[in-house]
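Engineer: This is the structure, below, for whatever I ask next.
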Amino acid sequence: MAITEYEETGAPVMKTETEDQLAHRRRWWILAVLAISQLMVILDGTIVNIALPTAQHALNFSNADRQWIVTAYSLAFGSLLLLGGRISDYIGRKNALIIGLAGFALASAFGAAAQNFTMLVTARTIQGAFGALLAPAVLALLTTTFTDPSERGKAFGIYGAVAGAGGAIGLILGGVLTSYASWRWTLLVNLFFAAIGIAGAVSLLKRDRGVDHDPLDVKGVLSVTAGLFALVYGFSHVETTSWSNHFTLGSFAVAAILLAYFFRHQSSAKYPLLPLRVIADRNRGGSLLSMLVAGLGMFGMFLFLTYYLQGTLGFSAVRTGIAFLPMIFSLTITAQLSNVVFLPKVGPRPLIPLGMVMAAGGLFWLTGLTIHSTYLGGVLLPLIIIGLGVGFIFAPAYNTATLGVESHDAGVASAMVNTSQQVGGSIGTALLNTLAASAATAYLVGKSATALNNKIAAVHSYTTAFNDSAFVFLGGALVTALILRSGPPVTVEVAEVPVAAH
């Protein structure tokens with residue numbers, strides 16, 4: 001691209017703008033494309049949940065089958081993330097982004113046209129697979145696009161806010177679309193996100209050839225994919241059976257064996273799928289643990305607070321989604337403050353544990369809810385506090401987990417961040433569902449099964465889940481405070497992959 005400058009005499013001089021200059025000038029538009037792409041993946045974890053009862057009635061499938069609409073997406077997404085990160089490094093992040101967006105959109109269209117359970121669950125599985133290619137490419141592109149420390153903070157603050165608020169946005173959008181259009185639109189809306197993402201990627205990103213062309217670590221791929229599949233399946237299976245179920249125990253045993261083999265193999269493999277140097281750094285390891293804890297606690301909060309708002313307070317799906325808006329606003333504020341103002345000065349060690357303590361405080365506050373509580377009196381303030389806390393977790397964790405990663409490791413490092421959050425969500429959903437159900441059963445022992453007692457038991461189960469989530473955050477605060485290093489993060493220059501179009 002040519003730009004015009006003028007000599008002291010006033011004569012024009014034509015100079016060619018380099019790719020790096022063009023990338024720098026367009027970097028914020030690139031961020032917008034990446035944020036929209038990531039939002040599509042994140043909100044799909046909750047947007048379909050709101051529509052499930054309507055979809056179940058329309059397609060006439062059972063309650064047992066309903067669970068698989070959620071599980072199919074989680075299984076494919078969670079188990080294929082590391083492979084997706086490796087593929088994005090191999091074929092190029094722009095290629096991976098466009099293929100991921102296009103595949104996700106086509107799978108969404110297929111799901112929206114579903115005439116039976118089989119079509120819908122197949123579509124959700126394909127969505128998860130393409131999401132596993134898309135998500136690492138997005139974060140890797142963000143990592144290599146923003147290398148200046150001050151701008152990196154702003155960019156990752158925005159990205160962290162999108163990642164943290166995506167679940168709540170999914171609830172809002174899912175409620176609106178289900179109530180005023182059709183459950184099918186909770187899938188069709190992805191076509192709009194994907195179209196914007198593809199158009200932006202084509203116009204803004206340079207087609208790179210990939211940065212890692214080492215032979216594929218087949219043993220590593222098979223062991224980690226099967227291991228993560230078994231792990232996520234085990235936690236999903238708990239929700240419909242029990243912790244002592246032989247399929248559940250078998251899944252956990254298989255997961256433990258395969259994942260142990262995977263990490264042992266990575267230490268000696270010539271071309272490892274996950275170079276252990278990526279997770280050996282204390283700050284990066286602490287950030288990955290932060291994402292695991294945050295995924296666990298946040299999924300539980302969204303799930304059971306949604307139950308409370310709809311089941312106890314009688315909120316509609318739309319009103320329930322809107323009820324989460326204050327959390328989104330508060331989260332956005334601290335996501336920016338933490339990354340732009342505090343992280344460069346003090347590092348992640350005080351921020352992430354502080355965020356976890358704040359989130360725990362908000363969850364402990366929610367344990368006081370009763371059947372007579374109101375949204376303004378019992379939910380609003382703790383929800384704001386949780387949002388403020390989560391903003392201190394997500395944005396610094398995303399930034400720190402990818403800081404200083406070499407370009408050829410960016411895809412797999414990004415995949416590890418997403419894997420941590422996804423596994424945390426799977427653990428949280430299964431564990432908290434089980435604990436909540438046990439609490440409700442225990443409360444009803446010796447009591448008559450009246451409508452009032454059932455309602456009180458349900459609220460008791462929700463507050464039990466909030467209490468357990470709070471203790472998870474407190475434990476996470478303690479462990480991350482011990483693992484993360486003190487002081488501002490050390491900035492390591494990352495070899496940048498040119499991302500701008502000619």
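The values are calculated or read from the model by the stated rules, or taken from the named source; none is laboratory data. Not measured: the values here are computed from a predicted model. With ideal geometry, Cβ positions are generated from the backbone for all residues, glycine too; neighbour counts draw on all protein chains shown.
Engineer: Determine whether Leu274 is within 20 Å of Asp409 (Cα to Cα) and in contact (Cβ under 8 Å) with a residue 60 or more places away in the chain.
Structural biologist: On the way: within 20 Å of Asp409 (Cα to Cα): yes; in contact (Cβ under 8 Å) with a residue 60 or more places away in the chain: yes.
Here the answer is yes, as Leu274 does meet what is asked.
Engineer: So, in the stretch 247-268, exactly how many residues are without any contact (Cβ under 8 Å) to a residue 40 or more places away in the chain and surrounded by 19 or more Cβ atoms within 10 Å (Cβ to Cβ)?
Structural biologist: Count: 4.
Engineer: Let me ask you something else. Look at Val278 and say whether it is out of contact with any Ser or Thr (no Cβ under 6 Å at 6 or more places or on another chain), modelled with pLDDT under 90, in a helix (DSSP H, G or I) and within 23 Å of Leu83 (Cβ to Cβ).
Structural biologist: Working: out of contact with any Ser or Thr (no Cβ under 6 Å at 6 or more places or on another chain): yes; modelled with pLDDT under 90: yes; in a helix (DSSP H, G or I): yes; within 23 Å of Leu83 (Cβ to Cβ): yes.
For Val278, the condition - out of contact with any Ser or Thr (no Cβ under 6 Å at 6 or more places or on another chain), modelled with pLDDT under 90, in a helix (DSSP H, G or I) and within 23 Å of Leu83 (Cβ to Cβ) - is met.
Engineer: Continuing with this model, one more query. Residues in the stretch 53-69: is at least one modelled with pLDDT of 90 or more and crowded, with 20+ Cβ neighbours inside 10 Å?
Structural biologist: no
Engineer: Now for a different question. Looking only at residues in the stretch 135-161 that are surrounded by fewer than 23 Cβ atoms within 10 Å (Cβ to Cβ) and more than 14 Å from Gly404 (Cα to Cα), which one is farthest from the chain's Cα centre (by Cα)?
Structural biologist: Only one residue tops the list, namely Ser150.
Engineer: Filter the stretch 281-338 for residues that are closer than 13 Å to Val379 by Cβ and among the small types (Gly, Ala, Ser) and give the result.
Structural biologist: Matches in the stretch 281-338: Ala323 only.
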